[in-house]
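Some notes on the structure that comes next.
The values are calculated or read from the model by the stated rules, or taken from the named source; none is laboratory data. What you see is a predicted model; the values in this text were computed from it and never measured. As a convention, Cβ positions derive from the backbone with ideal geometry for all residues, glycine included, and neighbour counts pool all protein chains shown. Note: accessible area is taken over every heavy atom of the protein model, side chains too, but ligands, DNA and RNA are not part of it. Shrake-Rupley method; radii C 1.70, N 1.55, O 1.52, S 1.80 Å.
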Amino acid sequence: MHDTMTTGDRLRLAVALGAVAWLAAACGGGPLGNPPLVSNPTGTSGQSLSFAYFQRCVNPIFLKQLQITLNGVVTTNTCAGAGCHNNSTGTGGAFRVIPTAAVVDVTNAANTAATIRTTDMYKNFYSAQGEVVLSSPTESRLLNKPLLRNVLHGGGLVFASDQDPDVKLIEYWITHPVPAGQDEFSTASNTLFTPADPMQGQCNSN
């Protein structure tokens, strides 16, 4: 058989075959194959917000009667009200509040982390934390929505300004995560109260 391939053709073929061999080695099989092992390591540098501070200082804000301004009309309502963020009847997006959530005694050794995570109060905590950008109140929907900071909020304007005492409590929670490597129940967060008692202490806000 007469060889009609030119020197240039042979060079291009050699380059193509080399590329196929490289892809096969890189991909653990043929060029369309997948690596034999896929590793998805979990994050190790994340931090959590304090459950104790949320329970004592932030969750009550969602239950209190607040002045709401919507379309120029001023009324009162709660964040956990029906039609807002009530877990059962609310229409307010992903953020949900169970208004009947019972307070958990975080100082009782019987209330282990596993136990607390099954409670309604923890569900409220988990939902609220999902609306937060850690250490950044100005990027957190938990504040941007009720303050109408460049975002729509079906519930209207809840806080007249970022100087509202309730805003200050939420900001303090967001900007004071527990130490890295510790979970949301860390006793290190007791310093967020004065005195340092998560059940009786006053909520620090600055």
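One table, with the values for the structure above:
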quantity: Carbon + sulfur, % of accessible area of region 156-206 - ligands and nucleic acids excluded, 1.4 Å; calculated: 51 percent
quantity: Whole-Å distance, taken between Cα centres, linking region 130-206 and region 78-126; calculated: 16 Å
quantity: Cα-based Rg and Dmax for region 124-206, where Dmax is the largest Cα-Cα distance (Å); calculated: 13.7, 38
quantity: Region 74-152, accessible area per residue, ligands and nucleic acids excluded (1.4 Å, Å²); calculated: 54 Å²
quantity: Per residue convex hull volume, Cα atoms of region 55-173, in Å³; calculated: 107 Å³
quantity: FRET E, pair THR112, GLU139, Förster distance 35 Å, beta-carbon r, rounded to 0.05; calculated: 0.60
quantity: For region 148-164, Karplus couplings with θ = phi - 60° (6.51, -1.76, 1.60), whole Hz, Gly/Pro x; calculated: 6, 8, 6, 8, 6, 9, x, x, x, 7, 9, 10, 5, 7, 6, 8, 4
